[in-house]
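Enquirer: Pasting in a structure now, in structure tokens, and then I'll have a few things to ask.
The values are calculated or read from the model by the stated rules, or taken from the named source; none is laboratory data. If you're wondering where the values come from, they're calculated on a predicted model, not measured in any experiment. We place every Cβ from the backbone using ideal geometry, glycine too, and count neighbours over all the protein chains shown. Accessible surface areas use protein heavy atoms only, side chains included; no ligands, DNA or RNA. Shrake-Rupley method; radii C 1.70, N 1.55, O 1.52, S 1.80 Å.
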Amino acid sequence: MQFNDVRLQYEELSSDIDSAVMRVLAGGRYILGPAVQTFEEEFARYCGASTGVGVASGTDALRIGLGALGVRAGDEVLVPAVSAAATAMAVTQLRAIPVFVDIRLDDFTMDPGDASRKRSSRTKAVVPVHLYGMPARVKELSEVGAALLEDAAQAHGSDGPWGRCGGFGRAAAFSFYPTKNLGAYGDGGMIVTSERAVAERARLLRNYGERETQSSEILGGNSRLDEIQAAILRVKLKNLEAWNRRRREIARTYRAAFKGLPLGMQAETGKSNYHLFVVTTSMRDALRQHLASLDVPTLVHYPIPLPRHKAFAEFNPARCPNADQLCARVLSLPIHSALADHDVERVISAVRSFFDRRGGTVR
């Protein structure tokens with residue numbers, strides 16, 4: 001058993017993927033060609049947005065998305081205290097200031113109440129993260145009164161009460177890192193939006209500020225989704241709903257099996273794609289060691305809250321006690337679309353055996 005075996009999707013779709021790659025190679029258009037354009041249209045439609053702008057990574061999608069929303073040096077951007085470092089790093093790349101907002105202990109996503117308290121006259125944007133695929137409370141966070149950019153890097157196909165993740169904010173940033181529910185075979189990302197002006201500015205920022213070749217209108221960079229990766233992602237997108245259904249099926253099995261155990265589980269705010277299935281316990285390290293002894297792989301997402309990363313010390317971040325508690329307890333269990341039923345049962349049996357030995361009293 002592997003935590004997430006990305007090779008299995010290729011084995012399932014190798015013929016279609018190989019054909020798609022060969023069409024690109026034979027076609028002679030390798031940068032911002034028809035595969036990118038078509039995938040941008042298809043993925044934006046899948047997210048309930050009107051336009052997609054393919055970029056080189058999820059981090060670039062955040063940075064360019066914020067830039068397209070008008071974030072500039074010295075502006076403050078609200079980000080959750082629990083996420084991958086990229087969420088806050090994208091803010092610093094614009095020389096803006098990340099302001100870390102504590103999370104809720106029930107659903108692990110940004111706390112709208114703390115966001116309101118930390119908003120200031122310099123707050124330009126708020127970046128809720130659909131953590132582990134679970135929809136953030138974006139409707140409440142929109143009341144903060146700043147431009148909302150969804151960090152949907154883990155939320156391909158997740159649905160909140162308002163609709164599809166990525167379709168609520170003024171824009172959303174996605175990652176196509178290989179381990180994502182919709183993953184490429186390299187880096188890639190996309191900004192989706194239904195605001196024409198945001199899309200136009202994002203296109204300029206990703207390609208030297210050019211609307212026409214050799215004529216830069218604004219300062220921009222080079223961050224373009226690769227044509228070959230777009231062709232691969234088009235093949236995979238057709239299978240995403242089926243893959244997400246399988247993940248949800250596994251998650252339901254885990255939830256039912258662990259219901260009577262002293263384990264915390266992420267509260268459901270909507271229909272997660274279950275990019276990750278995360279449990280919490282004060283015995284995290286001991287449980288992880290026990291599972292490893294039974295050849296059940298686990299990971300920790302994330303061991304250190306963002307405000308405690310040395311890289312962000314210069315911003316004098318406020319303490320986020322809920323984030324501290326969560327990061328000391330989280331443990332990610334195996335979940336992916338190709339995980340066999342017998343391996344799901346292995347995970348369940350291994351977790352149960354840990355608590356059986358302790359009388360089922362530890363939380």
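Enquirer: For segment 134-285, what log10 I(q)/I(0) values come out of the Debye formula at q = 0.11, 0.14, 0.15, 0.17 1/Å, with one point per alpha carbon and no solvent?
Expert: For segment 134-285, the Cα-only Debye profile gives -0.55, -0.83, -0.92, -1.09.
Enquirer: Follow-up. Once the Cβ-Cβ distance between Asp356 and Ala267 is put in as r, and R0 is 35 Å, what FRET efficiency do you end up with, to the nearest 0.05?
Expert: 0.85
Enquirer: How long is the gain from Val300 to Gln93 if the chain were fully straight, where each residue apart is worth 0.36 nm and the alpha carbon distance is subtracted?
Expert: 71.9 nm
Enquirer: Next up: Is there a pair in Lys118/Lys259; Lys139/Lys180; Lys118/Lys310; Lys118/Lys238; Lys236/Lys259; Lys180/Lys259 whose C-alpha atoms are over 30 Å apart, and which pairs would that be?
Expert: Beyond 30 Å: Lys118/Lys259; Lys118/Lys238; Lys236/Lys259.
Enquirer: Moving on. As an exercise, use a Förster radius of 22 Å and the Cβ-Cβ distance of Ala286 and Leu105 to find the FRET efficiency, rounded to the nearest 0.05. Don't skip to the answer; put the middle values down first.
Expert: Numbers: r = 21 Å, r/R0 = 0.96.
Computed FRET efficiency for Ala286 and Leu105 comes out at 0.55.
Enquirer: Quick query: amide H of Ala328 versus all other amide H atoms, modeled in the peptide plane; which residues come in under 5 Å with a sequence gap of 5 or more or a different chain?
Expert: Close amide H contacts, sequence-distant or interchain: none at all.
Enquirer: Need one number: nm distance between label points at Glu41 and Met22, each 7 Å from Cα along Cα→Cβ, rounded to one decimal.
Expert: Once both label points are built, they end up 2.5 nm from each other.
Enquirer: Within segment 195-282, report the trypsin sites (Lys or Arg not before Pro) that DSSP leaves as loop and that have at most 12 other Cβ atoms within 10 Å.
Expert: The qualifying sites are Lys238, Lys259.
Enquirer: Tell me which chymotrypsin sites (Phe, Trp or Tyr not before Pro) from segment 36-140 have a DSSP coil assignment and no more than 11 other beta carbons within 10 Å of their own.
Expert: Passing both the DSSP loop test and the Cβ count: no residue.
Enquirer: Right, next: Placing one identical point scatterer on every Cα of the chain and ignoring solvent, what is log10 I(q)/I(0) from the Debye formula at q = 0.06, 0.15 Å⁻¹?
Expert: At q = 0.06, 0.15 Å⁻¹ the computed log10 ratios are -0.22, -1.29.
Enquirer: Another one. Expressed in nm to one decimal, what extension gain is obtained for the pair Ala242 and Glu140 from 0.36 nm per residue of sequence separation less their Cα-Cα distance? Don't skip to the end; give the middle numbers.
Expert: Details: separation 102, 0.36 × 102 = 36.72 nm, distance 3.05 nm.
Full extension from Ala242 to Glu140 adds 33.7 nm.
Enquirer: Amide H to amide H under 5 Å from Leu299: which residues, 5+ apart in sequence or cross-chain, H placed 1.01 Å off N in plane?
Expert: Placed amide hydrogens put Ser332 under 5 Å from Leu299.
Enquirer: Go through segment 103-117 residue by residue and turn each phi into a ³J(HN,Hα) via Karplus (6.51, -1.76, 1.60, θ = phi - 60°); whole Hz please, and just put x for glycine and proline.
Expert: With coefficients 6.51, -1.76 and 1.60, one gets 9, 7, 7, 8, 10, 6, 9, 3, 7, x, x, 5, 4, 5, 5 Hz.
Enquirer: Please check: in the Gaussian network model of the chain (C-alpha springs, under 10 Å), which one of Ser83, Ser272, Ser216 has the largest mean-square fluctuation.
Expert: Comparing Ser83, Ser272, Ser216 in the GNM, the peak value goes to Ser216.
Enquirer: To continue, here is another question. Percent of accessible area on the chain owned by carbon and sulfur, 1.4 Å probe?
Expert: 48
Enquirer: Let me ask something else about it. Mind giving me the FRET efficiency for Asp341 and Tyr10? R0 is 25 Å, r the Cβ-Cβ distance, nearest 0.05 is fine.
Expert: So, using R0 = 25 Å, E works out to roughly 0.70.
Enquirer: Would you mind working out the accessible area per residue for the chain, using a 1.4 Å probe, and quoting it in Å²?
Expert: For the chain, the solvent-accessible area averages 42 Å² per residue.
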